[in-house]
Each structure stands twice: as C-alpha cells, then as structure tokens.
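The values are calculated or read from the model by the stated rules, or taken from the named source; none is laboratory data. None of the values given here were measured: they were computed from a predicted structure. When we count neighbours, we look across all protein chains shown, and the Cβ atoms used for this are built from the backbone with ideal geometry, even at glycine. SASA here: full protein model, heavy atoms, side chains in, ligands and nucleic acids out. Shrake-Rupley method; radii C 1.70, N 1.55, O 1.52, S 1.80 Å.
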Amino acid sequence: MRGRTVTLITAAAMVTSLFATAPADAAMSLGSLAAQRGKHFGAGIDVGQLRDVPYTTILDREFNAVTPTDSMKWDATEPTRNQFNFTWGDRIVAYAQQRNMIVRGHTLVWHSQVPAWTQSLNATMLRESLTNHVTRLVAHYRGAVYAWNVVNEPLDDSGGYRNSFFYQRLGASYIAESFRAARAADPGAKLYISESGAEGYNAKSTGLYNLVRSLLAEGVPIDGVAFQGHVAIGQVPPGIAPNFQRFADLGLDIVISELDVRMPMPRTAAKDYQQATDYSTMVRACLVVPRCKGVTLWTFSDKYSQIPYSFPGQGAATPWDVTMQPKPAYNAIYTTLIGG
Ligand code: G2I
C-alpha cells in the first residue's frame with residue numbers, strides 16, 4: 001500500500017485519506033479488499049453496458065459480484081404469460097461466470113416493472129402466475145444465481161404492507177408463497193427480502209423486522225435481508241449497524257444491495273466530500289456486522305445511474321463520473337475497506 005498504512009493514522013490523516021485522488025495500491029481493488037474481509041463488492045449492471053470498454057475495464061478490475069438492474073425483472077423475463085425470455089439474464093450470468101463474479105438475482109416479485117398481462121388476472125390466475133414465474137426463473141438459474149431478491153419492497157413507509165396489486169388481490173400470503181416456490185426451485189440459492197428506506201431505525205425497518213420474524217416463525221424459507229441503500233448526501237440515517245444487527249440476530253444474512261448517494265446537481269467539491277463520507281459510513285456499517293455479506297453499487301458510474309431519471313434535478317450519485325474518472329467517494333470506499 002504505497003505510502004499509506006491504516007493502523008497508525010490519526011483521525012486527521014483519515015480525513016486526508018478520504019480525499020486522496022489516486023488509488024493506494026493498483027494491485028488492490030474494491031472486490032479484493034472486500035473479499036479479504038469475507039464480503040463481496042458488487043455492481044448493478046445491465047447488458048447494454050457490457051459493450052462499453054472503459055466501463056467494463058473498471059467493472060472487471062474492481063468488482064467480484066454483479067446484479068442485473070433490469071434484465072431479470074418480470075417484464076423482461078416473462079413479457080407474455082408463460083413465455084420466458086432469458087437471453088439478457090443469461091448474458092449477465094455468462095459474463096459473471098467468465099470472471100468468477102457471483103450473481104445476485106433481482107428481482108422475482110415487485111409491484112413495478114411487471115408486464116401488463118398480470119393486471120388482468122383474477123386472484124387464482126395471479127397466484128398461479130406468481131408461483132410459475134418464481135419457479136421458472138429460479139429453476140433456470142439454479143446453481144448460477146447465488147442469491148435472489150425474492151420479494152422487493154413489500155412495505156410502505158409506515159411499516160405496513162404496501163398496497164400493491166399483489167397485496168390487493170392475494171393478501172400478504174403472496175410473500176410466503178414466493179419464498180416457498182423459490183426454495184423448491186433451487187434449495188441452494190440464498191433467498192432475500194429486499195426493502196428501501198429501512199437502513200436505519202424507523203417505522204419501516206421495524207415493520208420489516210416484525211414481518212421477517214413472523215415469516216421465520218412460520219417456517220418460511222428466508223435467508224437474508226437486502227437493504228437497498230439509496231441515500232441522499234448528508235442524510236445517511238444514524239444507527240444502521242445496530243439496525244442490521246437486530247436482523248442478523250434473527251439468524252439472517254444482510255446485504256446492502258443498491259447503494260448510491262445522490263446529490264442535487266450540479267456537483268461541487270463540497271458535495272463530493274460529503275458524498276465520500278456518506279459512502280464510507282454505509283460501507284462501514286456492512287463491515288462491522290459480521291453477517292453482512294457485501295455491498296452492491298447501483299450503479300458504479302454516473303453514466304448509467306438511474307438517479308437523474310428517478311429524482312429529476314439530482315445525480316452524480318456514484319463513485320465514478322460519466323467519463324469513468326473516480327471521485328473522492330471511490331477513495332473513501334477503498335480506505336474504508338482497508339480498515340479505516
Ligand atoms: O428505482 C431504483 C431502484 C429501486 N429499487 C429496485 C430497483 O430495481 C430500482 O432500480 C431501477 C433500475 O436501476 C432502473 O434501470 O429500476 C428502475 C425502474 O423503476 C429502472 O428504470 C429504468 C427505466 O425503466 C428506464 O426508462 C431509464 O432509462 O431506468 C433507466 C435509467 O437508468
């Protein structure tokens with residue numbers, strides 16, 4: 001580690017290291033540093049991006065896990081009822097396998113990005129289609145997808161069930177049924193419930209805690225909780241690690257599955273600084289919780305970030321800019337993974 005040791009540095013030196021512009025050691029990557037701590041460091045990616053050489057150069061160098069951001073969603077994989085298209089997902093899996101990256105599958109059951117045909121089904125048909133969808137996806141990727149986000153965003157901000165069309169037509173039982181179908185289709189895959197805005201202690205995370213505790217009590221096969229980690233600069237909630245730990249104490253694994261730190265545009269040095277600190281805080285929360293298995297960035301470059309689309313006026317949410325130059329956030333993550 002060229003000129004940089006972690007054990008002896010003071011708090012002031014740590015702040016300085018957050019701002020260094022060059023990687024400490026070209027031989028190390030975020031993925032290899034995370035692996036040394038027993039964790040993965042992943043990227044949300046998708047097929048169109050795999051032709052972008054400056055981008056894939058960073059992907060191949062820095063990451064040891066991938067999640068398709070869109071290609072395994074219901075609208076992409078089953079655009080017509082019971083007619084499955086695995087082309088894009090297969091490409092991501094092949095790409096990852098060639099590079100020894102693990103694949104986190106995303107996502108089997110979500111109220112968004114579902115094909116229109118699901119909306120006209122009665123309850124019996126929807127239940128049948130849901131089970132079929134989960135079964136076919138998980139069976140197709142048996143042994144290739146290491147972990148699935150089985151049910152995504154089932155709660156509303158008050159911690160109650162989200163009033164999605166799944167919930168309206170099937171009641172809360174759709175959650176347990178999805179997990180059971182996934183387990184039956186690939187007993188070896190790790191099955192996660194995924195939620196947004198539940199990183200800190202709040203009504204939603206407590207609702208999620210109560211939900212997974214009761215699912216576990218009913219014997220529902222759930223292995224982990226994916227905390228998405230979409231945060232705004234300067235607004236990382238306190239108490240993330242203890243919140244993660246209460247889920248871990250139920251016997252569950254944890255991941256941060258969609259980390260990004262958005263800022264109001266335009267980018268400034270001060271915002272970059274705050275963002276670096278926020279990335280560091282998020283990554284450290286995973287490091288200090290032994291059952292946190294890893295972190296995935298959503299995405300790693302501003303060129304492909306969904307933030308300007310989801311939050312008009314905001315952006316620059318990732319550690320690499322649109323020209324693939326690393327920002328202070330990259331160094332902050334690097335330093336944090338070393339042990340800062
Ligand atoms: O909305 C952010 C994420 C919230 N959690 C679940 C994730 O699955 C979700 O991811 C995003 C994808 O990253 C986007 O790729 O889900 C969006 C849809 O809700 C995806 O949206 C796509 C749009 O469909 C495209 O039209 C748009 O050009 O985002 C693209 C821009 O990145």
Quick check: convex hull over the Cα atoms of the chain, volume per residue in Å³, rounded to an integer?
127
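Please report the relative contact order for the chain, taking Cα pairs under 8 Å with a sequence separation of at least 6, and give it as a percent rounded to a whole number. Intermediate values should be presented prior to the final figure.
Values: 643 pairs, mean separation 61.5, N = 340.
So the answer I get is 18 percent.
For segment 250-309, what class follows from the C-alpha gyration tensor (a ≥ b ≥ c being the square roots of its eigenvalues): rounded when a/c is under 1.5, otherwise prolate if a/b is larger than b/c, else oblate?
Working: a/c = 3.47, a/b = 1.81, b/c = 1.92.
Judged from the Cα gyration tensor, segment 250-309 comes out oblate (a/c at least 1.5, b/c at or above a/b).
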Which of T118, T57, T77 moves the most in a Gaussian network model of the chain with Cα springs under 10 Å?
T57
Probe of 1.4 angstrom, ligands and nucleic acids ignored: what's the accessible area per residue over segment 207-261, in square angstrom?
30
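Which whole-number percent is the relative contact order of segment 153-215 (Cα, under 8 Å, 6+ apart)? Before the final figure, lay out each step's value.
Numbers: 47 pairs, mean separation 27.7, N = 63.
Relative CO of segment 153-215 lands at 44 percent.
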Shape descriptors of segment 198-332 over alpha-carbon atoms, Rg and Dmax in angstrom, are 15.7, 50
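Regarding segment 191-264, what whole-number volume in Å³ per residue does the convex hull of its Cα atoms give? The partial results should precede the final answer.
On the way: hull volume 5.2 nm³, N = 74.
So the per-residue Cα hull volume is 70 Å³.
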Which of the three applies to segment 155-218, rounded, prolate or oblate, going by the alpha-carbon gyration tensor with a ≥ b ≥ c and a/c under 1.5 meaning rounded?
oblate
Before anything else, pin down the relative contact order of segment 177-318: Cα pairs under 8 Å, at least 6 apart, normalised by residue count, whole percent.
22
At what distance in angstrom do the alpha carbon centres of segment 49-67 and segment 233-311 lie from each other?
20
Going down the list K39/K73; K39/K204; K190/K303, which pairs span over 29 Å between their C-alpha atoms?
K190/K303
Any idea what the dipole of the chain comes to, in debye rounded to 20, about its Cα centre with Lys/Arg Cβ at +1 and Asp/Glu Cβ at -1?
420
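Magnitude of the Cβ-charge dipole of segment 205-340, K/R +1 and D/E -1, about the Cα centre, nearest 20 debye?
Working: 10 positive and 10 negative charges, 43 e Å.
Taking the Cα centre of segment 205-340 as origin, the dipole is about 200 debye.
Report, as a whole number in µm² per second, the diffusion coefficient that Stokes-Einstein gives for segment 86-227 at 4 °C and 1.567 mPa s using the Kirkwood radius over alpha carbon pairs. Kindly include the intermediate steps, with their values, before the conclusion.
On the way: Rh = 15.6 Å.
It diffuses with D of about 83 µm²/s by this estimate.
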Of M265, Q235, Q245, which is farthest on the positive side of the dipole of segment 228-274, counting Cα position, with +1 on Lys and Arg Cβ, -1 on Asp and Glu Cβ, and the Cα centre as origin?
M265
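Within segment 296-340, what whole-number % of the accessible surface is contributed by carbon and sulfur, with the 1.4 Å probe and all protein chains included in the calculation? Before the final figure, lay out each step's value.
Details: 810 of 1440 Å².
Answer for segment 296-340: carbon and sulfur cover 56 percent of the accessible area.
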